[in-house]
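The block underneath contains the structure these notes are about, expressed in structure tokens.
The values are calculated or read from the model by the stated rules, or taken from the named source; none is laboratory data. As the structure is a prediction and not an experimental result, all values here were calculated from the model. So basically every Cβ, Gly included, is an ideal-geometry build from the backbone, and we count neighbours across all protein chains shown. Just the protein is used for accessible areas: all its heavy atoms, side chains included, with ligands, DNA and RNA removed. Shrake-Rupley method; radii C 1.70, N 1.55, O 1.52, S 1.80 Å.
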Amino acid sequence: MAQVEIKRALLSVSDKSGLVELGRALAGRGVELVSTGGTAKALRDVGLDVRDVSDLTGFPEMMDGRVKTLHPKVHGGLLAVRDDARHAEAMAAHGIGAIDLVVVNLYPFAQTVTRGADRDEVIENIDIGGPSMVRSAAKNHRYVTILTDPADYDAFLKELEAGNGATGEEFRRKMAASAFALTAQYDATIASWFAFADQKEIFPASVAIPVRHAQTLRYGENPHQQAALYLPAGPAAAGIAQAEQVQGKALSYNNYNDADAALELIAEFADGPPTVVIVKHANPCGVATGETLVDAYRAALACDSVSAFGGIVAVNRPLDGVTAAAVTEIFTEVVVAPDADEAARAAFAAKKNLRLLLTGDLPDPARMALTMKSIAGGFLLQSRDTGSLAPADLEVVTKRRPSERELSDCLFAWKVAKHVKSNAIVYARDGASVGIGAGQMNRRDSSRIAAMKAAEAAAEYGWSEPRTVGSAVASDAFFPFADGLLAAAEAGATAVIQPGGSIRDEEVIAAADEKGLAMVFTGMRHFRH
């Protein structure tokens, strides 16, 4: 059965894109059209002859359309093995005719959820008959062609033309694979809604992740790795994957990863003053607020201008031309912004490889979601780190209380440290990071690296002293020994924010008191691996 002639087609679609053109092409080849409800009406409205499913089955549509295609004369016509004598005898005995083509797409369940419909409407948009026909046709693809996506109609018509009214087995296999992917995604979306939205579960007994392929990337983290971008099939927060790319070459795997890190951090400052984040290898290398975006950019760049080369820049408000011009002064891979004015777009236009991504609204940093990491033989799931602090949440543990400025810098540094790979140390002064130490195996080395970067910045910009002098320092986890805190004191920090909770807390507090530091405990850790 390499070639199967299309003599009878069953069409029942929610998305009527391309339906009329397809129906006309089939009718032009003498194919009998069988259909239901709105699909039949759309075909009849353009003058096509359509047979109702109820005429085929001998039963009317009933129960508000819930029961119309769930019938042996439909599924027998789809599932029969046509060169099996017993199947042929059964078809003849029960008056079942073969159905050669099924064109179905499913009730818009995900779209119904997304627009905030009530529970009853959501449930009503769970398709039953559609997936049943899709699965029957796809299983029996040796004899039946299944179409579930209007984007495939043109390819089908070309196949029909090449086959003189018949489809080849290779085409039918490809369509069957697409059909089973659709039903799997559809069921996964429904299962996810029931588990997370309806039943309010955090970790259900099984997890189905409904995603669809959006783009094959040039390569993965390294050129010898393959990679692709997938998008949620159901409701999801908008982010880098949905951003409008105004210019520049296609994003790479690393671009997506780094731009996402920049977006997640800048979202923490969505309601704050003009703020700029610079990220390299998924770690912030500069974060600052300012009177204007360009002021914030200059301050963020000054934190670590070496690492910023080839980095990702994100801003918390529409990008203006002056800031864009400043960004173009060094090589920048990607700029992420809610929007950009014409002057900013013009400034970037000369940098053809620079990607400008416009996100619209920034994502909510407090949104609830799960993150997943694959490990050998399994997967680790956890809730997103949505932890945040207000001044009232802090416990002052030293003899000296932080000043108002120190407290502000502590909270700023803490917000940045949440997005730095552990072990993370962040120095901040006057609303800007002035030294960041990331990803070290011990906290003392992170403190020293951050201080070293601050000293390098002072030398580069001709400052009389590093900006760590008089700064606040944040540690993503407790200081297990006093050495990390002492390294911060040596760099000139005057205030410390850390989770606390070490068995040596008293030793660390005593060291802070001896150095005249103000220190607050958060009671919250921000490990990031």
Inset, instruction - Starting from residues that are touching a Lys or Arg at 6+ places or on another chain (Cβ under 7 Å) and not charged (D, E, K, R), keep the ones in region 96-127 and report whichever is nearest to Thr183 (Cα to Cα). - result: Ile99
Inset, instruction - Please go through region 470-493 and pick out each residue that is open to solvent by 50 Å² or more (accessible area, probe 1.4 Å) and closer than 23 Å to Ser408 by Cα. - result: Phe478, Leu486, Glu490
Legend entry - Filter result (touching a Gly at 6+ places or on another chain (Cβ under 7 Å) and not small (Gly, Ala, Ser)) within region 419-442: Lys421, Ile425, Tyr427, Arg429
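Every residue, every condition in (1) at pLDDT below 95; (2) part of a strand (DSSP E or B); (3) not acidic (Asp, Glu), yes or no:
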{"site": "Asp385", "(1), (2), (3)": "yes, no, no"}
{"site": "Thr398", "(1), (2), (3)": "no, no, yes"}
{"site": "Pro402", "(1), (2), (3)": "no, no, yes"}
{"site": "Glu406", "(1), (2), (3)": "no, no, no"}
{"site": "Phe412", "(1), (2), (3)": "no, no, yes"}
{"site": "Gly435", "(1), (2), (3)": "no, yes, yes"}
{"site": "Gln440", "(1), (2), (3)": "yes, no, yes"}
{"site": "Ser446", "(1), (2), (3)": "yes, no, yes"}
Legend entry - Exclusive hit being under 30 Å from the mean Cα position of the chain (by Cα) and either touching a residue at least 12 places away in the same chain (Cβ under 8 Å) or under 30 Å from Arg115 (Cα atoms) (or both), set Phe171, Phe156, Phe196: Phe196
Legend entry - Failed criterion for Gly248 (all others in (1) surrounded by 15 or more Cβ atoms within 10 Å (Cβ to Cβ); (2) at negative phi hold): (2)
Legend entry - Top-ranked residue of region 6-27 - restricted to ones that are part of a loop (DSSP other than H, G, I, E, B) and of a type outside the set (A, V, I, L, M), ranked as least open to solvent (accessible area, probe 1.4 Å): Gly18
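Conditions tested, residue by residue: (1) loosely packed, with under 13 Cβ neighbours inside 10 Å; (2) of a type in the set (A, V, I, L, M, F, W, C).
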site: Asp152; (1), (2): no, no
site: Asn164; (1), (2): yes, no
site: Lys174; (1), (2): no, no
site: Thr183; (1), (2): no, no
site: Ala195; (1), (2): no, yes
Inset, instruction - Output the residue which, of all residues in region 327-382 that are among the hydroxyl-bearing types (Ser, Thr, Tyr) and free of Cβ contacts under 8 Å to residues at least 40 places away in the same chain, is surrounded by the fewest Cβ atoms within 10 Å (Cβ to Cβ). - result: Ser374
Inset, instruction - Can you confirm whether region 273-283 contains a residue that is open to solvent by 10 Å² or more (accessible area, probe 1.4 Å), in a helix (DSSP H, G or I) and without any contact (Cβ under 8 Å) to a residue 40 or more places away in the chain? - result: no
Inset, instruction - Can you tell me which residue among Val420, Val496 is crowded, with 23+ Cβ neighbours inside 10 Å, of a type outside the set (Phe, Trp, Tyr), in contact with a Phe, Trp or Tyr (Cβ under 9 Å, 6 or more places away or on another chain) and not in a helix (DSSP H, G or I)? - result: Val496
Legend entry - Members of region 284-300 that are crowded, with 24+ Cβ neighbours inside 10 Å and not in a strand (DSSP E or B): Leu293, Ala296, Tyr297, Ala300
Legend entry - Residues of region 28-75 classified as loosely packed, with under 15 Cβ neighbours inside 10 Å, modelled with pLDDT of 90 or more and acidic (Asp, Glu), total: 2
